[in-house]
Every structure is written in C-alpha cells, then in structure tokens.
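Peer 1: Can you read through this structure? Questions will come right after.
No value in this document is a laboratory result; all are computed from the given coordinates. Since the structure is predicted, the reported quantities are computational estimates derived from the model, not experimental observations. Heads up, the Cβs are rebuilt from the backbone with ideal geometry, glycines too, and the neighbour counts pull from every protein chain shown.
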Ligand code: SF4
C-alpha cells in the first residue's frame, strides 16, 4: 500500500462562534445566527452553562448549504442556550470506561471500538462523545481523572494479538473475561474520515495484519463533506483490498435526517426523481455509489432519535426508504443517553419506539430492518415492544409494558435474546426510569443492581 496518497480538501470549516460574533464569516453565513441568538449565547460564556465549553461549534460549507433550508439541520449544528438549561445526567451512563483495557479502546464484544480521531468535519450538538471532542476529563475505574486519549497502532495490535492468543489457547473463550475472539473493530472518534488516506491505510493494514476480519469505519462525512470520498480515497481502498482481499469493510454511516442527503426545492419539498423516490445531492449519491460498487464494502446507517431533529415519523420513513433504495442498510436507531447536557435532545424511550414504529408503517419488509437500541451496561439492548393495552392481573403492567431484549452481552454471548419486561413510564429516558416497575427480568438488566421484580418484592 506504499502508493497511497493523501487528498487535498477544502471543507471551508467555520470553527467556533467568534467569526459569527464579529461578523467575519462569509457574507451569506452572516444571518445563520440571529443577533438575539448570538447575544443569548454570549451571556453564557465563561459560566458553567458555556455552550462552546460543553461542545465546540463547527460547521462545513457543505453542511451550511443544507442547513439554510432545513430547521432539523440547524437544530443539529447550531449552538443553543437550551442545551444547558438542564445539566442533569451521568457523565458515562453506559460505563464505557470500565470496558477500556487499553487507552482509546472499548472492548465489550467480539467487536471492539477504537478512538482514532478527536474531531469531525462538523460537530453535532447532541454528540455523546463530547468529552472526547471537547477534551474533558473523565473518571477511570481506578479513580484517576484524565482526558480520553486516542488509540495507538502498536498498543491496539498488541492487545488484539494477545487477547486472541489467550482465547485460542482456552477453547474459544478468554480465561478471565470470558469473551470470544476479537473479530471486528470499529474505527471511531470523532470521525476517522478527518484523517488522511495514509493514516487510514496504516490502521486498515495494521488491523488486518492483527487478524481482524471486518473493519468498520464510523463516519458522518457523507453528511458533512461527501467530497471527501474522492478518487484518492477509493484508490487507497482498492490498494488495501488488493493487499488484504479477505478483509471486509463496513462503512457505518450516520444520517439523521433526509435533509442531509436529498435535494430540496426552495419551498423545502423534496424533488421527485425521474424514476423513483427523490433526487439526492450529487456528491453524496456519487460517494454512496462508489462505495456500493465494491462488493467487499457494506454500508449501514445508524442514528439516534433526537428531539427537534428527527423525532418525526414522516422524515424517518423517507430516510429509511431512500437509504435502502440506494443500497444503504438501515441498521440501528438509538435512544438518547441520560448523559450530562443532553436533556434538550432526549426523546423518552417509549416515544422513540412509537416514532420509529409509526415511521415504518407503509414501508416494505426490507426497508424496516432497523431496530431501536439502547445501550445497557450489560450490552446492547433492543426496545422490542411497547404495549398500549394493560397487562391484566400483573402488578406494574396496569398501563401497558415495555419489552427489552438483550441483543449482545459483554459478559456472555449466550445471554443474547433474553428479555426484561417493565411497566410503562412515558417519561423514562433511561433504564433507571423503570426501577420501580420491573415485572420480569430474565436478561438481568435490573437484578445486577439488586433491583427486584415487583412480584418478588410483594412476596417478601
Ligand atoms: S459525527 Fe458523531 S462523533 Fe462527530 S460530532 Fe456528530 S455525533 Fe459526535
């Protein structure tokens, strides 16, 4: 892969709000924040509710062009005082740091996640990685406090090799963690696509040499700057494939709303395509088609459901239909996390399920593959169903129930598909909202915190 070259890009990024405050942004960007909005933001500077300290502001020219005619995208990318009205929440509700054996690696399953970049081309205000991007200090399981560091190739390769060696010697399970082989790595951050091609190529080669079968690249670059998927990038990918033909690549893309990839009329409506569906933005479509033309690359979309951005069944229906029609799988929708500074974006769990369910009405079976996921400390969990009818004779089920299904357990893959049933609480935004109404807990989402089902409590 010696012939890999870096591309040259001009994302025309505006970082921070200074240029909006002093009017030095390009003329056409000057009204992006109203004077009133800028004053409200300025008032919070230097206080515990400082918006840029919570999450640095950043936007590309491409994303600005889409935001001009999209309330959803403006909410996604524009700083707003609403973000810090309520700063309740945990710093790490999924307790990710307790799954970090090496700096920059989260290892929970046969899939590991590595942080390879600490920024993206633009920044989503709802980001869950704001501690990495804003370089905040996080508490480690050993009590030390330090900013999150990025993964380094030698340490990650050594860890993968050693983990897999111990698994192989121990009959398929790691002797202390009980985990299986590390087969898959998600390159994340931040966004790996802000790195140069040479740097990405080094990671791809190193992970393949270490025995990783599937490499994922988690990216929102198709939304922020699709021109990044240029000839130099594809030449690098082709060179990688030539050198490592058995490794497959999974592009985990991140569209939140169809306004990020569909062309629009000035009145905000989408433009019908001559053949079917709607017309895409040309650079985004070209990038998707170039990815799809390589049989060893999969493209999957995943997106949280976020208040004011995509808590809209009609938008999600169009998004799922258009993505599938153009070869992008709908993988997961996520519930928001109960994370500090996230209240303005949270959609309650049951509402998120209803929005997704509503959005899938009228879609075909292959267009409705996406599931609603919420990440428990124990592992990835699906919000499988929310009933409207009461559960007759069952304490806690008077207003209906929510059924959680464990999709993956970090501790034991065999726990897959175990179920937990709780009584409904329309205000719940996280598992804790159901602590007082657990009905059945086969998946042990609550018993691991000594929270018992209501029937057992009543019998005591
Ligand atoms: S693209 Fe992802 S990591 Fe980057 S700011 Fe948005 S949510 Fe955060």
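Peer 1: If you consider only alpha-carbon coordinates, what radius of gyration and Dmax does region 1-144 have, in Å?
Peer 2: 18.0, 53
Peer 1: Let me ask something else. Test of understanding: ordering 100, 248 by Cβ neighbours within 10 Å, fewest first, what list do you get?
Peer 2: 248, 100
Peer 1: What number, rounded to the nearest 500 deg cm²/dmol, is the helix-based mean residue ellipticity at 222 nm of the chain, given -39500 (n - 2.57) per DSSP H run of at least four residues and division by all its residues?
Peer 2: Calculated mean residue ellipticity at 222 nm is -7500 deg cm²/dmol.
Peer 1: What share of all Cα pairs of the chain, in percent, falls into each consecutive 10 Å distance bin?
Peer 2: Whole-percent P(r) values from 0 Å outward: 4, 19, 29, 28, 16, 4, 0, 0.
Peer 1: Sticking with the crude label model, points 7 Å out along Cα→Cβ, report the distance from residue 35 to residue 158 in nm, one decimal please.
Peer 2: 6.0 nm
Peer 1: Okay, moving on. For an R0 of 45 angstrom, estimate the FRET efficiency from the Cβ-Cβ distance between residue 213 and residue 361 and round to the nearest 0.05.
Peer 2: Given R0 = 45 Å and the Cβ-Cβ separation, E is 0.75.
Peer 1: Nearest 5 percent is fine: what portion of the DSSP beta bridges confined to the chain is antiparallel?
Peer 2: Bridges in the chain that DSSP calls antiparallel: roughly 50 percent.
Peer 1: What do the square roots of 5 times the Cα gyration tensor eigenvalues come to for region 319-385, in whole Å, largest first, as semi-axes of the equivalent ellipsoid?
Peer 2: Working from the Cα gyration tensor, I get semi-axes of 23, 13, 12 Å.
Peer 1: Related question: Cα extents of region 364-440 along the three principal axes, largest first, in whole Å?
Peer 2: Principal-axis extents of the Cα atoms in region 364-440, largest first: 35, 32, 22 Å.
Peer 1: Estimate the FRET efficiency between residue 42 and residue 286 by the formula 1/(1 + (r/R0)^6), using the beta-carbon distance for r and 56 Å for R0, to the nearest 0.05.
Peer 2: About 0.90, to the nearest 0.05.
Peer 1: Okay, moving on. Using the count of nearby Cβ atoms within 10 Å as a rough guide to exposure, how do 376, 163 rank from fewest to most?
Peer 2: In order of increasing Cβ crowding within 10 Å: 163, 376.
Peer 1: I've got another one for you. Figure the gain on full extension for residue 134 and residue 82 (residue separation times 0.36 nm, minus the Cα-Cα span) and round it to one decimal in nm.
Peer 2: The span from residue 134 to residue 82 would gain 16.9 nm if fully extended.
Peer 1: Sticking with this structure for a sec: Quote to one decimal, in nm, the extra length available between residue 199 and residue 248 on full extension: 0.36 nm per residue of separation minus the C-alpha distance between them.
Peer 2: 15.8 nm
Peer 1: Given labels modelled 7 Å from the Cα in the Cβ direction, how far is it in nm from residue 3 to residue 28?
Peer 2: 3.8 nm
Peer 1: Another one. Subtract the Cα-Cα distance of residue 269 and residue 97 from 0.36 nm times their separation in residues, and report this length gain in nm to one decimal.
Peer 2: 57.6 nm
Peer 1: Could you line up 361, 18, 136 from fewest to most neighbouring Cβ atoms inside 10 Å?
Peer 2: Listed from fewest to most nearby Cβ atoms, that is 361, 18, 136.
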